[in-house]
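Report on the structure given below.
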Amino acid sequence: MSLFKKQSSAEKSPSSEPAMDMGPMVGMLAKAPEEQRKQMLTDRLTVFADQDSDTRNRGMGAMLAAGLKLPDDDYQKIAGSRLAVLGQFAPDQRMELMKSHAAAIKGLPEDLRMKEMRVMKSVLAELPSDKRQMMETTMKDLGMMG
């Protein structure tokens with residue numbers, strides 16, 4: 001009977017499990033060559049895009065929280081690759097992913113929220129002007145940036 005209770009309690013807290021699983025994966029992502037990182041992020045974001053909103057929000061939140069624990073330069077690699085990969089999605093999928101990302105940012109402690117905004121501004125600065133303006137506008141509309 002106690003085994004059943006253990007399974008039941010694990011089922012009740014799925015949001016805590018992905019965070020534990022995401023740390024090693026996100027650390028590996030930061031160390032991977034750029035093309036491999038982009039492919040891995042494409043695969044992961046494709047999975048997220050096909051999920052319902054709650055599941056996607058939890059997964060992306062766990063991945064973001066794990067990434068923000070990395071040193072700034074490692075996280076900046078992931079954020080830059082993620083932004084490049086997002087541009088390859090259809091507009092409706094990209095918007096759903098960005099909404100989930102925005103929801104995850106809003107749930108972060110202040111210091112991590114500030115780190116995310118600082119890194120995103122740096123990543124956006126590297127984009128061509130037209131793409132940068134489009135992404136900045138979308139991010140501001142979603143409350144991702146001040």
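Give the aspartates and glutamates whose C-alpha is closer than 15 Å to that of Lys131, dropping any in the same chain fewer than 8 places away, or say none.
Result set, ordered by chain and number: empty.
I'd like to know which of Ala102, Gly23, Leu124 lies farthest towards the positive end of the charge dipole of the chain, counting +1 on Cβ of Lys and Arg and -1 on Cβ of Asp and Glu.
Farthest towards the positive pole: Gly23.
Under the rule of -39500 (n - 2.57) per DSSP H run of 4 or more residues, summed and divided by the residues of the chain, what mean residue ellipticity at 222 nm is obtained, to the nearest 500 deg cm²/dmol? Before the final figure, lay out each step's value.
Values: 8 runs with 119 residues, N = 146.
Dividing the helical sum by the residues of the chain leaves -26500 deg cm²/dmol.
What ranking, highest mean first, results for peptides 89-99, 53-63, 38-48 when packing means the other Cβ atoms within 10 Å averaged over each residue?
Sorting 89-99, 53-63, 38-48 by mean packing, highest first, produces 53-63, 38-48, 89-99.
Please determine, in degrees from 0 to 90 and to the nearest 10, the orientation of helix 34-49 with respect to the longest principal axis defined by the Cα atoms of the chain, where the helix direction is its Cα long axis.
60
Treating the beta-carbon of each Lys and Arg as +1 and of each Asp and Glu as -1, no other charges, what is the dipole magnitude of region 60-136 about its Cα centre, to the nearest 20 debye? Let's see the in-between values first.
Numbers: 12 positive and 11 negative charges, 15 e Å.
Using Cβ point charges on Lys, Arg, Asp and Glu, region 60-136 gives about 80 debye.
Going by amide H atoms built from the backbone, whose H comes under 5 Å of the H on Lys69, apart from near neighbours?
Result for Lys69 returns nothing.
Under a point-charge model restricted to the Cβ atoms of Lys and Arg (+1) and Asp and Glu (-1), what is the dipole moment magnitude of region 17-146 relative to its Cα centre, in debye to the nearest 20?
Numbers: 19 positive and 20 negative charges, 49 e Å.
I would put it at about 240 debye.
Excluding residues fewer than 8 places away in the same chain, name every one of the aspartates and glutamates whose C-alpha is closer than 15 Å to that of Lys115.
Within the straight-line cut-off, Lys115 pairs with Asp72, Asp73, Asp74.
Normalised by the number of residues in the chain, what is the relative contact order in percent for Cα pairs under 8 Å and 6+ residues apart? Display every interim value, and only then the final one.
On the way: 108 pairs, mean separation 35.7, N = 146.
Relative contact order here is 24 percent.
Rounding to the nearest 10 and keeping the result within 0 to 90°, find how far the Cα-based axis of helix 72-86 lies from the longest principal axis of the chain.
So the helix axis and the longest Cα principal axis differ by about 80 degrees.
Coordinate-derived values only; no laboratory data. Because the structure is predicted, anything quoted here is derived from the model rather than measured. Cβ sites come from the backbone with ideal geometry, for glycine too, and all protein chains shown count toward neighbours.
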